[in-house]
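The values are calculated or read from the model by the stated rules, or taken from the named source; none is laboratory data. This structure is a prediction, so every number in the text was calculated from the model and none was measured. Heavy atoms of the whole protein, side chains included, go into the accessibility calculation; ligands, DNA and RNA do not. Shrake-Rupley method; radii C 1.70, N 1.55, O 1.52, S 1.80 Å.
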Amino acid sequence: MCPDLRGDEREMEAIADMNGVSRPSLLNVPPGASACVRSGFYEGLEVPIDRDWVVIGRGRNADVVLAEPTLSRAHAAIGFDEEGFFVQDLGSTNGTQVNGAKCKRHLLKSGDEVQIGKLVIAVTLPA
């Protein structure tokens, strides 16, 4: 059985540090945020962004697992911190783009399009 890591913030930060990934602190995420696949095999799939850190990838440890060969096992994360919602590339092979521009980390606005591998994901954020 896997431990519930959301219950222990220090343990979550330690795991993120071990993986070399910048991990935001736990915050109350505003309701209503979602990511919808606009193109690619998973077109139409909509996922709520209801946590402060959602990993997208093809690996079984990702929060959103997509069997897409152009994705890395842990490709990118959509997160929420004091600045707002953001997307962060997690050292993927094919990179992450927002509105056509390659990025490592980008503060998101409602309507932004995030491309990971061959998938284009539209982001909807609460007002």
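Per residue, how much accessible area does segment 34-127 show when a 1.4 Å probe rolls over the protein heavy atoms, in square angstrom?
Per-residue accessible area for segment 34-127 comes out at 52 Å².
Could you give the length gained by full extension between T93 and L45, i.e. 0.36 nm per residue of separation minus their alpha carbon distance, to one decimal place?
Value of the extension gain: 15.0 nm.
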